[in-house]
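The values are calculated or read from the model by the stated rules, or taken from the named source; none is laboratory data. Please read these numbers as outputs of a predicted model, since none were measured by experiment. Positions of Cβ are backbone-derived with ideal geometry, glycine not excepted, and every protein chain shown enters the neighbour counts. All accessible areas refer to the heavy atoms of the entire protein, side chains included, with ligands and DNA or RNA removed. Shrake-Rupley method; radii C 1.70, N 1.55, O 1.52, S 1.80 Å.
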Amino acid sequence: MTTPDSTETASTARVHRRNRNSSAMVRLSDRIAKHVITIGGIGTILVVLMVVVVLLGNVAPLFRQAQVKPIAELNIAGRVLAFGLDEYNDLAWLLHDDPKISIASISGGSQSLSRPLAEYPLSASSGSLPKITAVAVDAKNFHLLLGFEDGTIRPASVSVEVAFRKLSDLPTETGESLKAGVVVDSGSIYRLTAGNLVRQTRVTSVDIQDPIAVFQAPIESLHCVVRSDNSGLDPSTQWWWGASAGPQVAMGNLEQKPAMFGGGLQTESRVWRSFSIDKPQAKDAKKVSGVMVANRGDSLQSLDEQGEITWWSTGDNEQLSVKQSYLTITGSESQTTSFSPLLGGGAWLIGGASGHVESVTFAATDSGQELLSIHRAPVSQGAISSIASAPESRVFATIDSADRVSLRYTTSESQLAQWQLPASSNPVFDEDNGNDGSRRRRLMQFNAAGNALALLDGDRFRVWGIDAPFPEASWGTFFSPIWYEGYPEPRHIWQSSTGSAEGETKFGMWPLIFGTLKGTFYSLLIAAPIALLAAIFGSEFMSRSWRLRFKPLIELMASIPSVVLGFIGAMVLAPFLREHLAWVLTSGVMTLLLFIFAAHLWMLLPTSRSIPLQRYRLPLMFLVPILALWIAWFISPGIEGWLFGTKMTDWLGNQMLGAWPGWFLLSLLPMSLLVVWLIVGPLRSWIEMLWSALSPRHQSVGSLMTFLLGCVAILMLSMLAATVLTSMGWDSRGSILGSYQERNALLVGGILGFAIIPLIYTLADDALQSVPQHLRSASLGCGATVWQTTTRVVVPTAMSGLFSALMIGFGRAIGETMVVLMAAGNTPLMDVNPFNGYRTLSATLATELPEAARGSTHYHTLFLAALLLFCFTLIINTCAEWVRIRFRKRAYQL
């Protein structure tokens, strides 16, 4: 029989068992949650670290040191006047003074040049050629321009054929030999490439054209630019050349194209000279050391022995006329020892006895395009004896008097590599300068691809392979002002592509950084006050029922895709803002003034009226912006006409109109802050004492009068500031303001502000709601008003959450892409003008990364932009967390 005690004992045991099982389940759940959270946290950290590793892995190659390795070092017999290499570094051609052109392999080591692949004697149809006195080489196209002692020039071309064949198509012996190295057979060079393809390189012919009479004296210097057009049905080759003999210069054009009848080539030429053949040359004329024809073939520049550059332009009477003379820094402070055209004819590279290399090119000035020295780099302690420039980039090589070879990039003046030449066992000196050892004969030339440098040093022929894939990249290029060709001064510029191969790529990061910060500033300037004030009003002044309707409505704004906002902004709002700019600006000011004015009117209502109307206060508030827009629509034309005398957009773009309106507009904000500070600061006690003896209704009237007098004071002070600044001759246009662009920062600030308002509002409202209710009750119990409780208790306590809301909004704005891409104009400018466009880091990544060539400098530089954007977000979030913790510690004491 079961007793009550045993039943109770059994029941108690069952309860204990259930409690133990429940406790075990809780502990198991806690352990599972702990492990899941740990794994999630570690996974998040690993993902972030992987992103950093990927970014660093793509940025690090930009700053890798250039690698130089010897390819060949060979002995050469006879006097060589010029040479060149193919782009694959398989063969070399050498112009001898016999005259002949010999073809040799440089892929097979030290025995190659002693056994040339082929020799092509040069001769004229009438017999032997005169003595060659000058040679110009176009490395990209294997073209030569020969100058002779009889004053004539002859174009010549070396035709190189490159073909790819399957390994299986070659004889078995040749295929086996290719696996061990390079094969030279029957005048061809075979090299095994990737995919078991064999590259066959050979010279098919050497052609020399008919002579062109230029001077009656030996040619002393030459330069040529060759353009080949094989895209159409009638391929053509156009030569632009320049020549000098003593103080005389000449330039010409030679075009070769297929003849319409009879086959062959049709040649057309024209020559411009700096002199008349039937008139004697002036005795005081300076001897010309070198010439350079422009890339477009429309002008010529000459460099004399004193370092002065003369710019010549062509005329209709086949005469060259002087447009400008410029004395280089090297010529004025030192002595010119070497020179070379840069990138075919865009600029001069001039080496001096002081060891500096100077770059002289055209720059924009107030009077137009003028020759200026834009770069001057200290390359060596000794004199620069030889300079060579790469045909496809702004890389150049120098040799100094101490036999040091330096590889540099012109735009950034950065050194890519430097190495020492070995001593020559049999130096050969230039016969034209005597045999006293005053000048050692050295020829230096890049190959067609710019990835190899060849040097003829006496009887030694040396070739180095150059691995410098990113010569444009350096810390100075990214973050320092650079003086680019065609600009009047050093600047920060982003221009990742150019219209021609000779154009300079510009990778200045500051325009993108500035645009990112500019867009973020204007968006937060609009969004932060609206979101924070809306959160304070909804949390502290709005009834619970209205708040439950109002908050979801604002949060619903975040559901609109940013691409839709950008499309609406670019297609709808941008044209509307251009036509009604004055109305939009007036509406913003009028809305603020009417809200404050309506608050004062509400204070004038008697308590018997204000309490019954309390439930209608929020709907009445929504009428204020509508009323402000309506009033602004009627008064904005009058205000615009009074201030500017024309449309505001026209005034912004016309600096002939007065500067006073701009300073007046810019003075409104600082003068408003000044007046508010005076009212709530130094003048506060005096104003309170003045109105303290009055009744509450009269105090409300006094507060309204203070507001109206403050508005008048703001206007008067702004007019005074504008008058003073205008009288000093300052104009805000060109510095703070500027021409109006349809897609601008103000437009994007409004659109992006609309996108981040819900984010800031939600977080700020949650932070305000988390303030303990007993703090509000204590403040109200001490006699404080709701406004005083909000500003002095609730907001300081919730400051950490409010600051976090702003920082999260900042992060949202700084990383926005589609709105900025569609509505910001996408112009990388460093301009604070709110009516101008900009470009951000994120928009640049979205625009250019899909089109960037993989592995190029542009491609890796975009990863640097992504790394900068990541660092900005990381720094901002770190600072925000640090500030939030400090605010939280202060609020925790409450």
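Give the residues of region 118-152 that are modelled with pLDDT under 75 and within 48 Å of the chain's Cα centre (by Cα), sorted by residue number.
Passing the criteria: Ala139, Lys140, Asn141.
If you check Leu768 against the conditions, is it open to solvent by 20 Å² or more (accessible area, probe 1.4 Å) and touching a residue at least 60 places away in the same chain (Cβ under 8 Å)? Quick ask: steps written out before the conclusion?
Working: open to solvent by 20 Å² or more (accessible area, probe 1.4 Å): no; touching a residue at least 60 places away in the same chain (Cβ under 8 Å): yes.
Criteria not met by Leu768.
Please identify the pairs in which a residue from region 584-597 that is without any contact (Cβ under 8 Å) to a residue 60 or more places away in the chain has its Cβ atom under 6 Å from the Cβ atom of a residue that is open to solvent by less than 60 Å² (accessible area, probe 1.4 Å) and not hydrophobic (A, V, I, L, M, F, W, C), counting only partners at least 6 apart or on another chain.
Thr586/Ser636; Thr591/Pro625
Collect the residues in region 851-869 that are of a type in the set (A, V, I, L, M, F, W, C) and open to solvent by 20 Å² or more (accessible area, probe 1.4 Å), keeping them in residue-number order. Outline the logic, then answer.
Here is the first cut: in region 851-869, the residues of a type in the set (A, V, I, L, M, F, W, C) are 852-853, 862-869.
Listed by number, the residues that qualify are Ala853, Phe863, Ala866, Leu867, Leu868, Leu869.
Select from region 313-329 the residues that are under 16 Å from Thr361 (Cβ atoms) and hydrophobic (A, V, I, L, M, F, W, C) and write down the one among them that is farthest from the chain's Cα centre (by Cα).
Across region 313-329, the extreme among qualifying residues is Leu327.
Condition (residue is over 20 Å from Ala528 (Cα atoms), in contact (Cβ under 8 Å) with a residue 24 or more places away in the chain, assigned to a loop (DSSP other than H, G, I, E, B) and polar (S, T, N, Q)) applied to region 834-843: is it met by at least one residue? Explain how you work it out, then say what you get.
The first filter runs over region 834-843 and keeps only residues over 20 Å from Ala528 (Cα atoms), leaving 835-843.
Checking which are in contact (Cβ under 8 Å) with a residue 24 or more places away in the chain leaves us with 835-843.
If we keep only those that are assigned to a loop (DSSP other than H, G, I, E, B) as well, we get 835-837, 839-840.
In the following step, the residues that additionally are polar (S, T, N, Q) were identified as 836, 840.
For region 834-843, residues over 20 Å from Ala528 (Cα atoms), in contact (Cβ under 8 Å) with a residue 24 or more places away in the chain, assigned to a loop (DSSP other than H, G, I, E, B) and polar (S, T, N, Q): present.
In the set Ala13, Ala72, Ala33, Ala82, which member is modelled with pLDDT of 80 or more, more than 44 Å from the chain's Cα centre (by Cα) and not in a loop (DSSP other than H, G, I, E, B)?
Values: Ala13 fails: modelled with pLDDT of 80 or more; Ala72 fails: more than 44 Å from the chain's Cα centre (by Cα); Ala82 fails: more than 44 Å from the chain's Cα centre (by Cα).
Of the residues listed, the single one that is modelled with pLDDT of 80 or more, more than 44 Å from the chain's Cα centre (by Cα) and not in a loop (DSSP other than H, G, I, E, B) is Ala33.
Would you mention how many residues in region 200-224 are open to solvent by 20 Å² or more (accessible area, probe 1.4 Å) and over 30 Å from Trp272 (Cα atoms)?
Adding up the residues that qualify gives 4.
Could you list all residues from region 490-516 that are loosely packed, with under 15 Cβ neighbours inside 10 Å and either in contact (Cβ under 8 Å) with a residue 12 or more places away in the chain or small (Gly, Ala, Ser) (or both)? Walk me through it before giving the result.
First, pick out the residues of region 490-516 that are loosely packed, with under 15 Cβ neighbours inside 10 Å: 490, 495, 497-501.
Gln495, Ser497, Gly499, Ser500, Ala501 - these are the residues of region 490-516 that are loosely packed, with under 15 Cβ neighbours inside 10 Å and either in contact (Cβ under 8 Å) with a residue 12 or more places away in the chain or small (Gly, Ala, Ser) (or both).
Of the residues Thr398, Thr411, only one is under 27 Å from Gln301 (Cα atoms), assigned to a loop (DSSP other than H, G, I, E, B), in contact (Cβ under 8 Å) with a residue 24 or more places away in the chain and open to solvent by less than 20 Å² (accessible area, probe 1.4 Å); which? Outline the logic, then answer.
Details: Thr398 fails: assigned to a loop (DSSP other than H, G, I, E, B).
Just a single option satisfies the conditions, and that option is Thr411.
Table: residues versus (1) of a type in the set (Phe, Trp, Tyr); (2) open to solvent by 70 Å² or more (accessible area, probe 1.4 Å); (3) more than 26 Å from Thr607 (Cα to Cα).
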| residue | (1), (2), (3) |
| --- | --- |
| Trp677 | yes, yes, yes |
| Ala693 | no, yes, no |
| His698 | no, yes, no |
| Gly702 | no, no, no |
| Val712 | no, yes, yes |
| Met716 | no, yes, yes |
| Met719 | no, no, yes |
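Give the residue that is modelled with the lowest pLDDT, with candidates limited to residues of region 427-448 that are in contact with a Phe, Trp or Tyr (Cβ under 8 Å, 6 or more places away or on another chain), open to solvent by less than 50 Å² (accessible area, probe 1.4 Å) and not in a strand (DSSP E or B).
Among those residues, the one meeting the criterion is Gly437.
Out of Ser325, Ser393, Ser386, Ser380, report the one residue that is of a type in the set (Gly, Ala, Ser), in a strand (DSSP E or B) and buried (at least 17 other Cβ atoms within 10 Å of the Cβ). Don't jump to the end; show me each part of the working.
Working: Ser325 fails: buried (at least 17 other Cβ atoms within 10 Å of the Cβ); Ser393 fails: in a strand (DSSP E or B); Ser380 fails: in a strand (DSSP E or B).
When all the criteria are applied, what remains is Ser386.
I'd like the residue in region 414-426 that is aliphatic (A, V, I, L, M) and assigned to a strand (DSSP E or B) and, out of all such residues, is surrounded by the most Cβ atoms within 10 Å (Cβ to Cβ).
The initial filter retains those residues of region 414-426 that are aliphatic (A, V, I, L, M), namely 416-417, 421, 423.
Then drop every residue that is not assigned to a strand (DSSP E or B), which leaves 416-417.
Details: Leu416: 21, Ala417: 18.
Once the filter is applied, the top-ranked residue is Leu416.
Would you mind listing the strands (runs of 3 or more DSSP E) fully within region 182-223 where at least 2 residues are more than 44 Å from the chain's Cα centre (by Cα) and at pLDDT below 80? It would help to see each step written out before you state the result.
Values: elements: 183-185, 188-192, 197-208.
Counting at least 2 such residues, we get 183-185.
Identify the residue in region 633-657 that is open to solvent by less than 70 Å² (accessible area, probe 1.4 Å) and under 35 Å from the mean Cα position of the chain (by Cα) and, among all such residues, is nearest to Leu720 (Cα to Cα). Break it down stepwise before answering.
Narrowing region 633-657 to residues open to solvent by less than 70 Å² (accessible area, probe 1.4 Å): 635-636, 638-641, 643-646, 648-649, 651-654, 657.
Next, from what is left, pick out any that are under 35 Å from the mean Cα position of the chain (by Cα): 648-649, 651-654, 657.
Values: Met648: 21, Thr649: 24, Trp651: 21, Leu652: 21, Gly653: 24, Asn654: 23, Leu657: 19 Å.
Among those residues, the one meeting the criterion is Leu657.
Got at least one residue in region 870-893 being crowded, with 20+ Cβ neighbours inside 10 Å and part of a helix (DSSP H, G or I)?
Pass one, region 870-893, residues crowded, with 20+ Cβ neighbours inside 10 Å: none.
No: zero hits.
Conditions: (1) buried (at least 22 other Cβ atoms within 10 Å of the Cβ); (2) part of a helix (DSSP H, G or I); (3) under 18 Å from the mean Cα position of the chain (by Cα). Pro828 meets all but one. Number of the miss?
(2)
Looking at (1) surrounded by fewer than 18 Cβ atoms within 10 Å (Cβ to Cβ); (2) closer than 30 Å to Ala92 by Cα; (3) among the small types (Gly, Ala, Ser), which is the only condition Ala468 fails?
The one condition Ala468 does not meet is (1).
Can you report the number of residues in region 55-69 which are in a helix (DSSP H, G or I) and open to solvent by 40 Å² or more (accessible area, probe 1.4 Å)?
To start, the set of residues in region 55-69 that are in a helix (DSSP H, G or I) comprises 55-63.
Then drop every residue that is not open to solvent by 40 Å² or more (accessible area, probe 1.4 Å), which leaves 56-57, 60, 63.
Of the residues in region 55-69, 4 are in a helix (DSSP H, G or I) and open to solvent by 40 Å² or more (accessible area, probe 1.4 Å).
Going through Ser804, Ser800, Ser779 one at a time, which residue ends up being without any contact (Cβ under 8 Å) to a residue 24 or more places away in the chain and either farther than 30 Å from Pro471 by Cβ or outside any helix (DSSP H, G or I) (or both)?
Working: Ser804 fails: without any contact (Cβ under 8 Å) to a residue 24 or more places away in the chain; Ser800 fails: without any contact (Cβ under 8 Å) to a residue 24 or more places away in the chain.
Answer to the check: Ser779.
Of all residues in region 653-663, count the ones that are part of a helix (DSSP H, G or I) and out of contact with any Leu (no Cβ under 7 Å at 6 or more places or on another chain).
Step one: list which residues in region 653-663 are part of a helix (DSSP H, G or I), which gives 660-663.
Cutting the leftovers down to out of contact with any Leu (no Cβ under 7 Å at 6 or more places or on another chain) gives us 660.
Total meeting the criteria: 1.
Taking only region 782-792 into account, find how many residues are touching a residue at least 24 places away in the same chain (Cβ under 8 Å) and under 50 Å from the mean Cα position of the chain (by Cα). Steps first, answer last, please.
Step one: filter region 782-792 for residues touching a residue at least 24 places away in the same chain (Cβ under 8 Å), giving 786, 789-790.
Add one more test, that the residue is under 50 Å from the mean Cα position of the chain (by Cα), and what stays is 790.
The qualifying residues number 1.
Given the conditions (1) under 20 Å from Ser703 (Cα atoms); (2) in contact with a helix residue (DSSP H, G or I) (Cβ under 7 Å, 6 or more places away or on another chain), which single one is not true for Thr607?
Of (1) under 20 Å from Ser703 (Cα atoms); (2) in contact with a helix residue (DSSP H, G or I) (Cβ under 7 Å, 6 or more places away or on another chain), only one is false for Thr607: (2).
Is it the case, given these coordinates, that Met728 is open to solvent by 70 Å² or more (accessible area, probe 1.4 Å), under 37 Å from the mean Cα position of the chain (by Cα) and free of Cβ contacts under 8 Å to residues at least 40 places away in the same chain? Show your work before the answer.
On the way: open to solvent by 70 Å² or more (accessible area, probe 1.4 Å): yes; under 37 Å from the mean Cα position of the chain (by Cα): yes; free of Cβ contacts under 8 Å to residues at least 40 places away in the same chain: yes.
Taking the combined requirement at face value, the residue satisfies it.
Any idea which residue in region 355-370 is nearest to Leu342 (Cα to Cα), counting only those that are touching a Ser or Thr at 6+ places or on another chain (Cβ under 7 Å), open to solvent by less than 20 Å² (accessible area, probe 1.4 Å) and of a type outside the set (S, T, N, Q)? Full working, then the answer.
Let us first name the residues in region 355-370 that are touching a Ser or Thr at 6+ places or on another chain (Cβ under 7 Å), namely 355-360.
Those left that are additionally open to solvent by less than 20 Å² (accessible area, probe 1.4 Å): 355, 357-360.
Keeping just the survivors that are of a type outside the set (S, T, N, Q) gives 355, 357-358, 360.
Working: Gly355: 18, Val357: 12, Glu358: 11, Val360: 10 Å.
Per the criteria, the residue is Val360.
To keep it simple, each residue is scored yes or no on (1) closer than 19 Å to Leu585 by Cα; (2) of a type in the set (Phe, Trp, Tyr); (3) in a helix (DSSP H, G or I); (4) touching a residue at least 40 places away in the same chain (Cβ under 8 Å).
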| position | (1), (2), (3), (4) |
| --- | --- |
| Leu618 | no, no, yes, yes |
| Ile626 | yes, no, yes, no |
| Ile635 | yes, no, yes, yes |
| Trp651 | yes, yes, yes, no |
| Leu669 | yes, no, yes, no |
| Val675 | no, no, yes, yes |
